[in-house]
Structure formats: structure tokens, C-alpha cells
Amino acid sequence: MIFDENELIGESDLKKIQLERLQSTVERVYENVSFYKKAFDKLGIKPKDIKSLEDLKNLPFTVKQDLRDNYPYKMFTVPMEQIVRIHASSGTTGSPTVCGYTRNDIKTWAKLMARVFASAGLNSNDIIQNAYGYGLFTGGLGAHYGAEELGAAVIPISGGNTKKQVQLLADFGATCLTCTPSFALYLYDVGSELGVDFEKLPLKVAALGAEPWSEGMRKEIEKKLHIDALNLYGLSEIIGPGVASECIEEKNGMHIYEDNFLCEIINPETGEQLPYGFKGELVITTLTKEAFPLIRYRTHDITTLYPRIKCSCGRSFSKMESIMGRSDDMLIIRGVNVFPGQIEDIITKYNFLSGHYQLIINRERNLDTLTVEVEISDDFAKSLSSIIIPTHPNSASLSHKKVDSLKNKIKKDIKDLIGVTTDVKLYMPKILPRFEGKAKRVVDKRLI
Ligand code: AMP
Ligand code: ZN
């Protein structure tokens, strides 16, 4: 489903509006934001030097610290009387950053999120249960306005309240659930405990994002909830959710809404632009934001971009791969770079494991240790209980000949893929913590 005609824009028209919008954004930030004036002057660049899209690479980067240095409002290009909404990033990696919106920004964002839901195959007949948190976090209100813009009925349940969520899924008959992927799985756990048969629910699709998730996790969510699970991406600094999303027709990479955002991939170490097909750090320039435009914002998200080709959904916007991690999430274990997503890929491959896991990093006698804690699946737990669980070993990790050989298998897989020796601990289902918003997969005790 296409939400608006601009999604079908041809190459030359796209390039033309991108350039016009880039030029006007550059002019506005230079005139109104002293941080940008200084950054441009330092490089000897004037707005009129931007003559083509290739000139983008000459512009300065913006990093999160710049936003913190200009806390709270100094990055805004408009006076406060034009600001109608303020959000802040969740601050998973430090103090929050502040994002302002004009009335037009809110409209632009609603349209983008309407595109996201349309790309998931939804229209005005649908009912969207919005389990993203409402508040300073952009997920809740972003999805809310997008659902209304599409004309769908939105259930503004927000995060948490899991039992009630399950009841409403059944009673109000949502056809779409939107939340973090980890919360979707949690909802399933709680629902099945309450005896809900997900196959019988009207739910058909989930639009999930705000945290990294693997193909394995997608399959697990789809199988358990009997739905299609689609990825959507965004970040507060850029607008919130609505930067890119997967189409239900192909479910393979997220279309970037390129009439609103210019995306580049850079080598995070050198800052050099990389061609399509190369993995690196995603850098985004906003093209339509009024209150809080950003030039070459370094997202720290690691992904790959692919060139425009006509997709079976009709869009030709270029695609970006799922984000498997952030450059600042990258763990360095005994000198080896490890992304939590690589381990999740291995874990979700096994039927005898559930998708719930945590990575615990410690330092023993100056050596880093990585412990992978993971829950076994319900079915496997049932098959075990008669042999090895005389009393419920809820707090201890499982150990038994059969379980130990599986642990070794996982250990070997991780060693083969990333070259790090790990300790694997298996737990009965529902032992590890659950999350209502973004999952916290890594506990780095070296920092504590
Ligand atoms: P926030 O601004 O607090 O919403 O956080 C934005 C960050 O969440 C992004 O920079 C990504 O690291 C992460 N994120 C959002 N959507 C996704 C997604 N679909 N896949 C992976 N990570 C995501
Ligand atoms: Zn498509």
C-alpha cells in the first residue's frame, strides 16, 4: 500500500527536490544556529557552495555531543513561539537530547508514520494497538499521529500494563500491534499464560522498531503471534520513528523516505563516505524539518544502503538493511569486536531456546569474560521437566547431561562465528528480565 504519490517519485525528480531542500536547510541552519555558522566557517564553507548533492560530503558532521553542548534549545532554527511540541531522546547512551517541532514538523512526521503503516499493508479499516510509550519518547505520539493520519483507529494503550494489553488485543480486535520487538514477545508470553490463542485473534501484522532485532527474532514473533512482523526505524534527533520502514510485499530491507532524509554510510573511523553495499555508520541529513534540522547527523547505527530499484510494492526509494547494532553498542571482549545482534542470530536459530537472552560481561583477573544467559523454550522445558526438575530450579541455571551438550553446541557456534570463548547458561522460561520499552540485553559489570 502506498500512502502518498511522492512515494512513487522518479530518480530525477527526487534528486531535484533533494537538492532544493538541502540548499534551503543549509541556508536556514547557517543563518539561525550559531553552532552551524561556526562549524561551516571553520571549514570555509558557505551555503551557496552547495551546488549539487555530491557537495554534501564537504559539510561538517553533527554528533550527539553537539546537541548536548547546545542544550536545551540552541539548535532550534525558529523562535519558541513557533514550537508546538518538545520531545527528548531516551538517553540510553547518556543525558537526553531535546527535539523541537513546529506545527508543520508534526504534520510531516504524521505523514511519514502513515507511510510506515501503509507499507505494512494497513489502511483506514485497520485498528492499531499502540504499545509504544507515550511521553518524551517519540515512539508513542509518533505512531499515534501516523495511525490517525492514515485514518486507522488507534488504541493509545502506551507501554506496560501487559495483562490489559492482552485483554484489549482480544476485546478491541486490533489488526496491528506497534511496539518494540521484545515487548511483542513478552506480550505473547503473558497472553499464552492467560490462555489466549493468538491464532484466533484478528491481529495480522506488527510494526516493530526502536531496538535492534534479528531475522531469527522476526521468525519467532511471526510464528508465535501468527502475524507478519515488519521493521521500522527512526530516531528522536532526526524526527522519531518514520525514517524508514519495510514493505509487507518484500519484507526485505527498509525503504528510506528519501524525499525527507538524505542518508549516507561512512567509515566510522575515518568519516569517509562509503559506496552502496558497504556496511558502516548511517549518517542522516534532514530535508524537511523546520524547527530542528540536522546536517550529517552521525547516528552510530551500523547498516548498509542499497541503490534504488523498483520494489514489488511500487516504491523505488532505496533500502537500508536492518540495524544489527550501534557502533557505541559494540562490545570489545578481549580485543574482539562483538555485536549483541551476532549472538542473537545464533540464539534464535535454535528451537530449544526462546528469544530471551542477556549478555553479562565481567572482568576476572584482568581478563574480560562474556556469559550468555538464555532461556530455553516452553516446549523444550516441558520435555525436560520429568527428567531433571524435581523441584523448580528457578534461580539456578540448568545443568544436565542433555542440557550441557546443548550449551557446548551454542558455545562452539559463538566461538566459530566471532572467535570469543563464552560461558553459556541456560534457564527455565520466564526467569530473565522482561522489558516494556527497549530491551536491555547487555550488562557490562566492568563499568560498575
Ligand atoms: P530514540 O531516539 O531513543 O528513539 O532511539 C533511537 C535509536 O534506537 C536508533 O538510533 C537506533 O539505535 C535504535 N533503533 C530504532 N529503530 C530501530 C530498528 N528498527 N532497528 C534497530 N535499532 C533501532
Ligand atoms: Zn517495497
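Here are a few things to note about the model shown:
- Converting phi to 3J(HN,Hα) with the Karplus coefficients 6.51, -1.76 and 1.60 and the offset θ = phi - 60°, the range 335-342 yields x, 9, 7, 10, 9, x, x, 5 Hz in sequence order, with x at every glycine or proline.
- Over the range 188-340, Cα pairs under 8 Å with separation of 6+ residues give a relative contact order of 17 percent.
- Amide N proximity, the range 248-273 versus residue 17 label position 7 Å along Cα-to-Cβ, cut-off under 16 Å: 256-263
- For the chain, built as a Gaussian network whose Cα springs stay under 10 Å, the top-fluctuating residue of 74, 200, 107: 200
- Gyration tensor verdict on the range 296-367 (Cα atoms; rounded if a/c is under 1.5, prolate if a/b is larger than b/c, oblate otherwise): oblate
- Spatial separation of Cα centroids for the range 144-219 and the range 317-339, in angstrom: 27 Å
- Residue exposure sequence - 400, 144 - by fewest surrounding Cβ within 10 Å: 400, 144
- Rounded, prolate or oblate (a/c below 1.5 giving rounded, otherwise prolate when a/b exceeds b/c) for the range 109-233 by Cα gyration tensor: rounded
- Neighbour counts of C-beta atoms inside 10 Å place 75, 428, 113 in the sequence 428, 75, 113, starting with the fewest.
- In the range 1-47, trypsin sites (Lys or Arg not before Pro) in a DSSP loop with at most 10 other beta-carbon atoms within 10 Å: none
- Potential lengthening of the chain between residue 328 and residue 416 amounts to 29.3 nm, from the contour at 0.36 nm per residue minus the alpha-carbon distance.
- Placed amide H near residue 375: partners under 5 Å, 5+ positions off or other chain: 354, 356, 427
- Distance violations [Cα-Cα > 32 Å] among 219/425; 349/438; 164/289; 111/438; 64/411: 164/289; 64/411
- Anisotropy class of the range 210-337 from Cα gyration tensor, a/c 1.5 cut: oblate
- Between the range 345-380 and the range 256-305, the alpha-carbon centres lie 32 Å apart.
- P(r) for the range 1-94, from all Cα pairs and a bin width of 5 Å, is 2, 11, 17, 17, 16, 16, 14, 6, 1, 0 %, short bins first.
- Angle in degrees between helix 378-388 and the longest Cα principal axis of the chain, rounded to the nearest 10: 30 degrees
- DSSP-defined antiparallel bridges as percent of all bridges, the chain, nearest 5: 65 percent
- Summed side-chain charge close to residue 230 - residues other than residue 230 whose Cβ falls under 9 Å, Lys, Arg +1, Asp, Glu -1: 0
- Helix axis angle, 162-172 relative to the chain longest principal axis, alpha carbon, degrees: 70 degrees
- Cβ crowding within 10 Å, taken as a proxy for footprinting-reagent exposure, orders 380, 278 from fewest neighbours to most as 278, 380.
- Dividing the mean sequence gap of close Cα pairs (under 8 Å, 6+ apart) by how many residues the chain holds gives a relative contact order of 14 percent.
- Our summary gives the range 147-205 a relative contact order of 39 percent, counting only alpha carbon pairs under 8 angstrom and 6 or more residues apart.
- Under 5 Å, built H, 5+ apart or other chain: amide partners of residue 85: 101
- Candidates per trypsin sites (Lys or Arg not before Pro) in the range 252-342, loop by DSSP, up to 15 other Cβ within 10 Å: 310, 334
- Once the Cα-Cα distance is subtracted from the 0.36 nm per residue extended length, the residue 273 to residue 73 segment shows a gain of 69.0 nm.
- Angle between the chain longest axis and helix 401-418 axis [Cα atoms, degrees, rounded to 10]: 30 degrees
- Excluding exposed DSSP-loop GluC sites (Glu not before Pro) (at most 12 other C-beta within 10 Å), longest clean stretch of the chain: 1-268
- Length gained when the stretch residue 443-residue 336 is fully extended (0.36 nm per residue, less Cα-Cα span): 36.8 nm
- Residues in the range 280-287 carry Karplus couplings, in order, of x, 8, 7, 10, 10, 10, 7, 10 Hz; the curve used is 6.51 cos²θ - 1.76 cosθ + 1.60 with θ = phi - 60°, and Gly or Pro positions show x.
- Calculated from backbone phi, Karplus (6.51, -1.76, 1.60) coupling profile of the range 69-80 in Hz, x at Gly/Pro: 5, 10, 4, x, 10, 6, 8, 6, 9, 10, x, 4
- Cα-derived Rg to Rh of the chain, Kirkwood definition: 0.98
- Over the chain, DSSP H runs of length four or greater, each weighted -39,500 (n - 2.57), average out per residue to a 222 nm ellipticity of -10000 deg cm²/dmol.
Every number in this text was worked out from the coordinates using simple rules, so none of it is lab data. Source: prediction; values computed, not measured. Because the Cβ atoms are built from the backbone with ideal geometry, glycine has one as well, and the counts that use them run over all protein chains shown.
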